[in-house]
Structure formats: C-alpha cells, structure tokens
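Shown next, in structure tokens, is the structure this report addresses.
The values are calculated or read from the model by the stated rules, or taken from the named source; none is laboratory data. What you are looking at is a predicted structure, and each value in this text was computed from that prediction instead of being measured. Cβ placement follows ideal geometry from the backbone for every residue including glycine, while neighbour counts extend to all protein chains displayed. With ligands, DNA and RNA removed, areas are computed over all heavy atoms of the protein, side chains included. Shrake-Rupley method; radii C 1.70, N 1.55, O 1.52, S 1.80 Å.
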Amino acid sequence: GTQAVRIERAADTDPRDVQPREVEDHRHVVPHSVRREELPLYVAGPMTGIKAFNYPAFDSAAADLRSRGLLVVSPSEMDEPEVIAAVHASPDGDPRALERITGLSYTHYLTRNVKVVAEQVSGLVLLPGWQKSKGTRTELFIASLVGIPSYLYPGLERVEVEFELRHTRIEGSL
C-alpha cells in the first residue's frame with residue numbers, strides 16, 4: 001500500500017523551474033521518493049454557479065501551462081469520463097443537480113481536492129475569480145498551511161496570502 005509522507009519544498013522553487021514529464025493518469029498517487037518541487041502545479045478557481053462548472057477555463061489554463069513546459073494537474077481532469085460529461089452538460093454549475101446525476105457530493109470533490117493540494121502538488125495556479133470561490137479559498141488555506149506557493153494565472157505572479165481565523169464562543173452543552 002501507499003503511505004502518506006511529508007514532502008519538503010525548497011523555499012526558492014519557481015513553477016517555471018519544474019521540468020515537464022508525462023503523466024498518464026491525473027488521479028495518480030505520489031510515491032514518497034518524489035520531492036515536492038518535482039510535483040505538478042494544481043489549477044484552482046471558481047466552479048460552483050458557473051456553466052459547466054467552469055471546466056473550459058480549467059482545461060484551457062491546463063493546456064496553456066503545459067504548453068509552457070509545466071507539469072499540471074487540474075480538478076477538471078480528475079473525474080471519470082461520465083462525471084466529466086455530466087459537468088460539461090451543466091447549464092449553471094449547480095452542485096446539488098450534479099450530485100443527483102452522479103451520486104457524488106460537493107463534500108466528496110472538496111475533500112478529494114484538498115487532499116491532492118496537501119500531498120501531491122508543488123503549487124497552486126489561481127484562475128480569475130478565485131477570491132469568490134469557497135472551494136479555492138479552502139485549497140489556498142491548506143496550501144498555505146503546508147507551505148505550498150500560489151501563483152496568479154496567466155502571468156504566474158506569486159501570491160502571498162494571510163488567513164485570520166476567528167473563534168466564536170458558543171455557550172451551552174451538547
């Protein structure tokens with residue numbers, strides 16, 4: 001079996017320094033001998049409420065980044081063909097409607113994507129509109145916790161983010 005290990009990232013890693021290599025299946029498991037900077041960049045951006053869950057923008061960005069010689073993984077490429085077809089047929093990016101068709105919940109996708117971000121990528125590439133996406137902000141928070149850099153698409157400018165966690169005290173018992 002495969003076990004998860006912490007992979008350290010060099011502080012000065014730039015996504016343009018990552019050498020391209022073929023990845024047959026984007027739903028891969030990273031062997032623990034691979035260094036973080038050898039892993040792909042992850043395309044992140046808004047999906048919910050956008051026609052076809054914004055997959056055309058994800059696919060276009062992934063193709064563009066690969067044409068620049070970068071190794072890339074995109075959530076738009078991580079599903080079975082039947083799910084991808086259902087996503088592309090969505091007129092409004094409604095996750096409840098997609099769940100009725102595929103049986104897979106928003107929580108399923110978010111959990112899967114957060115795990116990929118935490119363990120299997122060297123950086124995030126943020127598509128336009130990322131600030132309005134709860135899922136992308138969650139992925140960005142996880143990336144910041146594990147020391148993964150983030151870049152704005154298309155220019156790949158480095159983004160520094162800070163998160164403020166708020167605690168609300170609730171009186172009472174369960």
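Side notes on the structure shown:
- Selection status of G147, within 19 Å of F163 (Cβ to Cβ), among the small types (G, A, S) and within 10 Å of the chain's Cα centre (by Cα): no
- Verdict on G49 being more than 11 Å from the chain's Cα centre (by Cα), outside any helix (DSSP H, G or I) and more than 20 Å from S150 (Cβ to Cβ): yes
- Search result, residues across the stretch 69-82 that are in a loop (DSSP other than H, G, I, E, B) and either of a type in the set (S, T, N, Q) or surrounded by 13 or more Cβ atoms within 10 Å (Cβ to Cβ) (or both): L70, L71, S74, M78, D79
- Long-range neighbours under 9 Å by Cβ, at least six apart or interchain, first residue free of Cβ contacts under 8 Å to residues at least 24 places away in the same chain and open to solvent by 50 Å² or more (accessible area, probe 1.4 Å) within the stretch 132-159, second of a type in the set (A, V, I, L, M, F, W, C) and in a strand (DSSP E or B): R158/L152
- Of all the listed residues (A85, A63, A118, A57), the sole one being buried (at least 17 other Cβ atoms within 10 Å of the Cβ) and not in a loop (DSSP other than H, G, I, E, B) is A57.
- Residue match in the stretch 105-112 (condition: more than 15 Å from M47 (Cβ to Cβ) and not polar (S, T, N, Q)): no
- Of all residues making up the stretch 57-68, the number that are without any contact (Cβ under 8 Å) to a residue 60 or more places away in the chain and touching a helix residue (DSSP H, G or I) at 6+ places or on another chain (Cβ under 8 Å): 3
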